[in-house]
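Colleague: Here's a structure for you.
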Amino acid sequence: MSKNLVIVESPAKAKTIEKFLGENYQVKSCFGHIRDLDKGDDAIDISNGFKPKYIIPEDKTAVVNELKKLSKGADMVWLASDEDREGEAISWHLSEVLGLDETRSKRIVFHEITKPAILKAIENPRSIDKNLVDAQQARRLLDRLVGFELSPVLWKKVKPSLSAGRVQSVAVRLIVEREREIQGFQSKSAFRIIAEFEFNGKKFSAEFPKRFEQKEDALKFLESCTSSDFIVNSVEVKPGFRKPAAPFTTSTLQQEASRKLGYSVSQTMTIAQRLYEAGHITYMRTDSVNLSELALNAAKDEIISAYGKEFSNPKKFTTKSAGAQEAHEAIRPTYFENHEAGADDQQKRLYDLIWKRAIASQMSDARIERTEVKIDITKNREILVASGEVITFEGFLKVYLEGKDESVEDDEQGSGLMPALKSGDKLKNLSIIGTERFSRAAPRYTEASLVKDLEELGIGRPSTYAPTISTIQKRGYAEKESREGTKRNYEVLTLIDDKIKIETKTENTGAEKNKLFPTDIGMVVTDFLMKNFNHIMDYHFTASVEKEFDEIASGSQNWTKMLDEFYHPFHKTVDDTLKISEKVTGERELGKHPENGLPVFAKIGRFGPMIQVGDGADEIKPVFAKLKKGQSIDTITMDEAIELFSMPRVLDEFEEKPMKVGIGRFGPYIQHNSKFYSMGKEDDPYTVNSERAVEIILNKRQADAEKFILELPKDIIVLNGRFGPYFTQNKENYKIPKGVDPKSLTLEYCESIIKETKDNPKPKSSFRGKKK
DNA sequence: CAGTGAGCGAGCTTCCGCTTGACTT
């Protein structure tokens, strides 16, 4: 047995470090936290100085037992968890659980996985920093107290099974407020004037610096340009430069992979995890932009050999984001000389992005030359401005340019090459075009742009961005959706050969792809929390508690005192809210029903957002209808509300039985002869006609007929299913292995599959919803 | 599977941050 046991958090890290340290050291991983607060409400003894009750979760017992065994046989245990608040706590929990003391254990830290860094760490051990551990305990307990006291308030006042927390509730708030901003946005249009010129055979464009809000003014302007000369007034050339972005952190990697590769936040993390495990990149959950000395040198060598000396510009970046703890390096390739890595196409593309970003960060600035030309319109004495940009030295742009999020601005700014001009040059005008442009509302959040804003507010950590986004969707607070835009007309005024032409064109606007939309529940919960728990919902709440955690870490504040001061006022608000607040449904009265005069409400009911007609007065029972997908109690109109009651619709008879259209738990359906036929996305249940309904029924019948492949003895039936061929027996379905022809299946073969499936029962998946 | 929305009420839900892995019906 080795004399030395080193414990790190990640198994991939353990493998690498073991190679550096030689045979006297055994390196093992604890897989993150090994203890956590007990599950229920008794995990914190509030009246006893917030005494926490920690347990070892079930899925950690095996790891802990192994570490216990190994640590007993070791002379020295080196606690090498990450150098941040959570890492310090992991070391402390390990030393508690493994029963270590100062004579048998040492705490070491490093924030880069390089041989010199590890050896240096071994030479400079320290003991566990209890203040830092206390800061972590304060963080953990505060989150539990907030989450486990707020959530039950929601169960009572809004709906069971909801949740609230320091991070998720603010994430939802961002989405809700953005949506309301968009709903309330009044788009304004103005005419943008662009003139096309030609000089020495080269074409370029210039813009009039003002925009005209009125069409008449734009027309007047065009008229005033007729039969004018266009003379260059001045040419100004300014040098400029562009700097490369810092190497990736988790957040910037997620943003850029979303912009350039279209990956979701969780997809990016899974793919990066694979690259990390294969040793291609450094750790992917990091908030640091720092590169190790080793990496700086390796990047420099690679840049010089691949692009030349003038492209190398080694530099260190410093982290600006709030609350960064910098336990790791930035995300970078482990070996810069590998321009390609990854087991599949997705991994290769992400690696390529990481490689380029890290390499570019160590390259020279790009030098550019910006030209601004002012052009006199002799007729009306106005001035047009043409601008162009030329790259005089590529620098880092040779390999990489950071992507952009969509913005409120039109960014069709001319940036092309300009002809060589000097003042006094007379230009040939090809056209002057006034185009109506509309102002745009702030864009809805993508997963990645939400992460960006959360990070800027210091809310959440690299390891939680992806899970937070999945939580708010799982709770039904937000949905990722794509929406088709609507058509909009705009006018184009063209001046060519002294003649003005007016045209109306159409464009698509408001189309959204994979954006986060708040649900009605998300809005109602946010409004409720904003009204009653303003403090927790404040965008700066996390930043202010972080400041206190820092004080605890530095020893200038006592952790139980901090919790004490936070908890009691908070708890009183919880109690008061439970007492005072009514149950909230987000109810909004749309008006009186045009036919029967009953009040019409939009609100959240037991089964989600709905419309209610009547309030139960005069013994008239209210009637209810569910909202359609994409509708919201915030914005639904009376007409849309009334349309919802046209369900179920009765269509013509088919084969002497009536057809009915309804919307059920699984979406719209057609009912005929006591059978149900699901309607696809392409049909609208509110407008579908009898002809189409018959088609849907016949299609389903045909699919069912084709479903059948083979019948075998013992009630085994081979069928075609949604996921390919399968066979069924006693209501159990069995998958047919790839490459096996379903027509050739035999009883023996099927029975062997049944036996194999039963011998290897499916493990319980924590992602599955529980049966009710 | 595809109706629900009254009321009673047992027992359950829930946080954030560290790590992977076993699932793809």
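Colleague: Give me the percent of Cα-Cα pairs in the stretch A:615-664 that sit more than 16 Å apart, rounded to a whole number.
Modeller: The share of Cα pairs beyond 16 Å in the stretch A:615-664 comes to 58 percent.
Colleague: Sticking with this one: What's the FRET efficiency of A:ILE304 with A:GLU402 using the Cβ-Cβ distance as r and R₀ = 25 Å, to the nearest 0.05?
Modeller: Numbers: r = 23 Å, r/R0 = 0.93.
The formula returns an efficiency of 0.60 here.
Colleague: Under 4 °C and 1.567 mPa s, how fast does the stretch A:73-117 diffuse according to Stokes-Einstein, given a Kirkwood radius computed over C-alpha pairs? Answer in µm²/s, whole number. Kindly include the intermediate steps, with their values, before the conclusion.
Modeller: Numbers: Rh = 11.2 Å.
Rounded, D is 116 µm²/s.
Colleague: With each pseudo-label sitting 7 Å past Cα toward Cβ, what's the A:VAL385-A:ASN489 distance in nm, one decimal?
Modeller: For A:VAL385 paired with A:ASN489, the spin-label model returns 3.3 nm.
Colleague: Let me ask something additional. Can you tell which of A:GLY165, A:ILE175, A:ILE194 lies farthest toward the positive end of the dipole of the stretch A:157-217, using +1 and -1 charges on the Cβ of basic and acidic side chains (Lys, Arg; Asp, Glu)?
Modeller: A:GLY165
Colleague: Averaging the inverse of every distinct alpha carbon separation and then flipping it gives the Kirkwood radius. What is it for the stretch A:363-428, in angstrom units?
Modeller: Working: mean 1/r = 0.0680 Å⁻¹.
Here the Kirkwood hydrodynamic radius works out to 14.7 Å.
Colleague: Among A:LYS51/A:LYS480; A:LYS188/A:LYS626; A:LYS188/A:LYS628; A:LYS19/A:LYS452; A:LYS13/A:LYS53, which pairs are too far apart, with a Cα-Cα distance over 32 Å?
Modeller: Working: A:LYS51/A:LYS480 40 Å; A:LYS188/A:LYS626 35 Å; A:LYS188/A:LYS628 30 Å; A:LYS19/A:LYS452 37 Å; A:LYS13/A:LYS53 30 Å.
Beyond 32 Å between Cα atoms: A:LYS51/A:LYS480; A:LYS188/A:LYS626; A:LYS19/A:LYS452.
Colleague: Here is a further query. Can you list which of the GluC sites (Glu not before Pro) found in the stretch A:512-594 are DSSP loop residues with at most 11 other C-beta atoms within 10 Å? Walk me through the numbers before you get to the answer.
Modeller: Values: sites: A:GLU512, A:GLU546, A:GLU548, A:GLU551, A:GLU565, A:GLU582, A:GLU587, A:GLU589; in loops: A:GLU582, A:GLU587.
Of the GluC sites (Glu not before Pro), the ones in loops of the stretch A:512-594 whose Cβ has at most 11 other Cβ atoms within 10 Å are A:GLU582.
Colleague: Dipole size in debye (nearest 20) for chain A around its Cα centre, Lys and Arg Cβ +1, Asp and Glu Cβ -1? The partial results should precede the final answer.
Modeller: Numbers: 120 positive and 122 negative charges, 258 e Å.
Value, rounded to 20: 1240 debye.
Colleague: Further question on the same structure: To two decimal places, what compactness ratio does the stretch A:177-261 give when its Cα radius of gyration is scaled by 2.2 N^0.38 Å? Working shown, then result.
Modeller: On the way: Rg = 21.3 Å, N = 85, 2.2 N^0.38 = 11.9 Å.
For the stretch A:177-261, the normalised Cα radius of gyration comes out at 1.79.
Colleague: Please identify every one of the trypsin sites (Lys or Arg not before Pro) in the stretch A:132-195 that sits in a loop by DSSP and has no more than 14 other beta carbons within 10 Å of its own beta carbon. Don't skip to the answer; put the middle values down first.
Modeller: Working: sites: A:ARG139, A:ARG140, A:ARG144, A:LYS156, A:LYS157, A:ARG166, A:ARG173, A:ARG178, A:ARG180, A:LYS188, A:ARG192; in loops: A:ARG166, A:LYS188.
Loop-located and lightly packed - A:LYS188.
Colleague: If I model a spin label as a point 7 Å beyond the Cα along the Cα-Cβ vector, how far apart are those points for A:LYS583 and A:TYR734 in nm?
Modeller: With each label placed 7 Å out from Cα toward Cβ, I get 4.9 nm.
Colleague: Right, something else. So, how do all the Cα-to-Cα distances of the stretch A:464-598 break down into 5 Å bins, in percent, from 0 on up?
Modeller: Spelled out bin by bin, the stretch A:464-598 gives 2, 7, 8, 10, 11, 12, 11, 9, 7, 6, 5, 5, 3, 2, 1, 1, 0 percent.
Colleague: Another one. Given +1 on the Cβ of Lys and Arg, -1 on the Cβ of Asp and Glu, and no further charges, what dipole in debye does the stretch A:362-452 carry about its Cα centre, rounded to the nearest 20? Show your work: numbers first, answer last.
Modeller: Numbers: 14 positive and 17 negative charges, 82 e Å.
Here the size comes out at about 400 debye.
Colleague: Here is a further query. What does the charge dipole of the stretch A:533-598 about its Cα centre add up to, to the nearest 20 debye, if the Cβ of each Lys and Arg holds +1 and the Cβ of each Asp and Glu holds -1?
Modeller: Working: 7 positive and 13 negative charges, 43 e Å.
The calculated dipole for the stretch A:533-598 is roughly 200 debye.
Colleague: Pick out, from A:GLY323, A:ASN4, A:GLY32, the residue whose Cα sits farthest towards the positive end of the charge dipole of chain A, with +1 on the Cβ of Lys and Arg and -1 on the Cβ of Asp and Glu.
Modeller: Positive-most Cα among the choices belongs to A:ASN4.
Colleague: Dimensions of the stretch A:96-173 along principal axes (Cα, Å, largest first)?
Modeller: Its Cα atoms span 57, 29, 19 Å along the three principal axes.
Colleague: Once you've got the Cα coordinates, tell me which of A:LYS621/A:LYS675; A:LYS3/A:LYS28; A:LYS157/A:LYS531 are over 21 Å apart. Write down the numbers at each step before the final one.
Modeller: On the way: A:LYS621/A:LYS675 30 Å; A:LYS3/A:LYS28 13 Å; A:LYS157/A:LYS531 13 Å.
As for pairs spanning more than 21 Å Cα to Cα, those are A:LYS621/A:LYS675.
Colleague: Taking the radius of gyration and the Kirkwood hydrodynamic radius from Cα positions alone, what is the Rg/Rh ratio for the stretch A:270-370, to two decimal places?
Modeller: Working: Rg = 14.1 Å, Rh = 14.3 Å.
Radius of gyration over Kirkwood radius for the stretch A:270-370 works out to 0.99.
Colleague: Mind giving me the FRET efficiency for A:ASP38 and A:LYS15? R0 is 56 Å, r the Cβ-Cβ distance, nearest 0.05 is fine.
Modeller: Values: r = 33 Å, r/R0 = 0.59.
After rounding, the FRET efficiency stands at 0.95.
Colleague: OK, next. How large is the helix-only mean residue ellipticity at 222 nm for chain A, computed as the sum of -39500 (n - 2.57) over DSSP H runs with n ≥ 4, divided by its residue count, in deg cm²/dmol to the nearest 500? Before the final figure, lay out the partial values.
Modeller: Numbers: 20 runs with 266 residues, N = 772.
That comes out to -11000 deg cm²/dmol.
Colleague: Another one. Take every Cα-Cα pair in the stretch A:589-730 and report what % of them are more than 22 Å apart.
Modeller: On the way: 5547 of 10011 pairs.
Here the long-distance tail beyond 22 Å is 55 percent of all Cα pairs in the stretch A:589-730.
Colleague: Please quote Rg/Rh for the stretch A:184-226 to two decimal places, taking the Kirkwood radius as Rh and restricting both calculations to Cα atoms. If you can, show how the numbers build up before the last one.
Modeller: Values: Rg = 13.8 Å, Rh = 12.2 Å.
Radius of gyration relative to Kirkwood radius: 1.13.
Colleague: Setting aside same-chain residues fewer than 8 positions from A:LYS743, which lysines have a Cα under 28 Å from its Cα?
Modeller: A:LYS700, A:LYS707, A:LYS714, A:LYS731, A:LYS735, A:LYS755, A:LYS758, A:LYS762
Colleague: Could I ask something else about it? Full-extension gain between A:ASP527 and A:ASP615, please, as 0.36 nm times their residue separation minus the C-alpha to C-alpha distance. Please list the in-between numbers first.
Modeller: On the way: separation 88, 0.36 × 88 = 31.68 nm, distance 2.37 nm.
In short, 29.3 nm is gained.
Colleague: Please rank A:HIS593, A:HIS33, A:HIS280, fewest neighbouring Cβ atoms within 10 Å first, as an exposure proxy.
Modeller: Lowest count first: A:HIS593, A:HIS33, A:HIS280.
Colleague: Given the convex hull of the Cα atoms of the stretch A:10-98, what is a quarter of its surface area in nm²? Display every interim value, and only then the final one.
Modeller: Values: hull surface 27.4 nm².
That works out to 6.9 nm², a quarter of the Cα hull's surface.
Colleague: Can you tell me what share of the DSSP beta bridges in chain A is antiparallel? A percent to the nearest 5 is fine.
Modeller: On the way: 112 of 124 bridges.
Just about 90 percent of them are antiparallel.
Colleague: Let me ask something else. Along the principal axes of its C-alpha atoms, what lengths does chain A span, in descending order and rounded to whole Å?
Modeller: 96, 84, 69
Colleague: Report the label-to-label distance for A:GLU711 and A:LYS428 in nanometres (one decimal), using points 7 Å from each Cα along the Cα→Cβ vector.
Modeller: 8.3 nm
Only the coordinates and a few stated rules stand behind these numbers; no lab work does. Just so we're clear, the structure is a prediction, and the values are computed from it rather than from any experiment. We place every Cβ from the backbone using ideal geometry, glycine too, and count neighbours over all the protein chains shown.
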